[in-house]
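Shown next, in structure tokens, is the structure this report addresses.
The values are calculated or read from the model by the stated rules, or taken from the named source; none is laboratory data. All values reported here derive from a predicted model rather than from experimental measurement. Heads up, the Cβs are rebuilt from the backbone with ideal geometry, glycines too, and the neighbour counts pull from every protein chain shown. We work out accessible area using only protein heavy atoms, side chains counted, and drop any ligands, DNA or RNA first. Shrake-Rupley method; radii C 1.70, N 1.55, O 1.52, S 1.80 Å.
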Amino acid sequence: MEQITRSVVAGEARIARVGADLAKRVIQVHAVDGAEREVCRRSLPREKFLPWCARLPVGCVVAMEVSSGAHHFARRLQALGLQPRLISAQLVEPYRSQGATGKNDANDAAAICEAASRPTMRFVPVKSVEQQSMLCVHRLREGLKTERTACINRIRGLLAEFGIVHAQGSEALQRVLTELIEDASNEMNALARRVIQHAQAQWRELDAHIGWCDERIAEHARDDPAVRRGAALMGIGQIGASAAVATVDDFGQFKNGAQFGAWCGIVPSQRSSGGKTQLGGITRRGDAYLRSLLVQGAKSAVFTAHRRDDPISRWALALRERSGWQVAAVALANKNARILWAVMTKAERYNPHHASVKPTAAMTR
């Protein structure tokens, strides 16, 4: 028994890279040495994963897919002196040698381990506890918004059962809902009125919860100078800036604003071949929540561009008249992403009248 334990410890000492497939109860690991030879291939209970990693040599690479709990494990692995690497799931799939029909935990762990060895692989930075805490507020707010929309639609449906149909718009319905409940001229009985009252109370409670989330986001903007700089952009605001800082934190990881825009998924997809460029719709890569905030904020800025006289608003208004508001909204979202990158990396306040200068050959020498 002692000899077996010694051989296991010796094998772990030779490990240079580990691929870990995370799950709720069992974590599959695949480890190789410096010569890319397989050293270990086993499943571990979730509670034994970190003790097993503690026996790995200092500086060993431990790769995982970005999933629930991945950032938590990455922070714990950093504390153990290891090098965690987080990889997006879509970048791991091509390295599964068994293809789409051979998906299982062991093959996924081997694919993660192989993907982490690629010199051009793009890794996801490890988020801090503060970043994830702020993102919890944003996720809760989005969920509450969905519940509020469902609650409003439910109230409309219940009223329609008694022939009461009101104009669209939540504010318009909110103003008259109490009067509709108390109106004795409609055919709702006492039970139906109590049901609508309970739904109205739920609506108010959801509004209060969303308001609490907005207060936390406002506090984030007050306490973080980067959020205040980003909130000054037209079509970004406090919510968009808070989400961007909490999601990205270090904007310097992107080479330029165009790369950040591509990471957000608001650049055209390509199907080019034979020297012929063919562009399609936006790629929709990256964080869906951040992308939706950029596009929705840009849509609002496009529809109000006629009220402002800065260069970007004039450009957005002209593009809207020429190509439609949908194209203008996505184009402005892409431009805002580039400007946001510049504002964050240079730590400068946003200037809506700034005119960028195209670098010349003399400037690049």
Roughly speaking, what is the stretch gain from A201 to D310, that is 0.36 nm per residue apart minus the C-alpha to C-alpha distance, in nm to one decimal?
34.9 nm
Once you put a point 7 Å from the Cα of A100 and another 7 Å from the Cα of A318, both along the Cβ direction, what distance in nm separates them?
4.5
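For the stretch 50-191, how big is the tail of P(r) above 25 Å, as a whole percent of Cα pairs? Don't jump to the answer; show the numbers that get you there.
Values: 5511 of 10011 pairs.
The proportion of pairs with Cα distances above 25 Å equals 55 percent.
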With volume of the Cα convex hull per residue in Å³ in mind, check (i) 162; (ii) 243; (iii) 130 and report the label derived from this structure.
(ii)
Given labels modelled 7 Å from the Cα in the Cβ direction, how far is it in nm from T146 to E130?
2.9
Tell me, what ³J(HN,Hα) does each residue in the stretch 88-104 have, in order and in whole Hz, if you take phi through Karplus 6.51 cos²θ - 1.76 cosθ + 1.60 with θ = phi - 60° and put x for Gly and Pro?
5, 4, 5, 7, 7, 3, x, 8, 7, 5, 7, x, 5, 7, x, 7, 7
Cα-based Rg and Dmax for the stretch 115-247, in Å, come out at 21.3, 74
Using only the alpha-carbon atoms of the stretch 230-300, report the extent along each of the three principal axes, biggest first, to the nearest angstrom.
44, 28, 18
Under 5 Å between amide hydrogens, which residues at least 5 positions from I27 or on another chain qualify, with H placed 1.01 Å from N in the peptide plane?
L44, R46
How large is ³J(HN,Hα) for each residue in the stretch 137-151, as worked out from phi by the Karplus curve 6.51 cos²θ - 1.76 cosθ + 1.60 (θ = phi - 60°), to whole Hz, x for Gly and Pro?
4, 5, 5, 5, 4, 5, x, 5, 4, 5, 5, 5, 4, 5, 5
Amide H of A63: which non-local residues (sequence gap of 5 or more, or other chain) have their own amide H closer than 5 Å, using H built in the peptide plane?
V18, G19, A20, R85
Pairing the Cα long axis of helix 70-79 with the longest principal axis of the chain, what angle in degrees results, from 0 to 90 and rounded to the nearest 10?
50
For I282, enumerate residues with amide H under 5 Å from its amide H, sequence gap 5+ or separate chain, H modeled in the peptide plane.
S269
Between S117 and E36, what length comes free when the chain is fully extended (0.36 nm per residue of separation minus the Cα-Cα distance, one decimal in nm)?
28.2 nm
Mind giving me the FRET efficiency for A232 and A258? R0 is 25 Å, r the Cβ-Cβ distance, nearest 0.05 is fine.
0.70
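Nearest 5 is fine: what % of DSSP beta bridges in the chain come out antiparallel, could you say? Walk me through the numbers before you get to the answer.
Details: 16 of 25 bridges.
Here the share of antiparallel DSSP bridges comes out near 65 percent.
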Taking L77, L180, L158 and ranking on accessible area (1.4 Å, protein atoms only), highest first, one gets L158, L180, L77
Could you work out [θ]222 nm for the chain from helices alone, using -39500 (n - 2.57) per DSSP H run of at least four and dividing by all its residues? Round to the nearest 500 deg cm²/dmol.
-18500 deg cm²/dmol
Apply the Karplus curve 6.51 cos²θ - 1.76 cosθ + 1.60, θ = phi - 60°, to the phi angles in the stretch 254-270 and return the couplings in whole Hz, x for Gly and Pro.
9, 5, 7, x, 5, 5, 5, x, 5, 5, 6, x, 10, 10, x, 6, 10
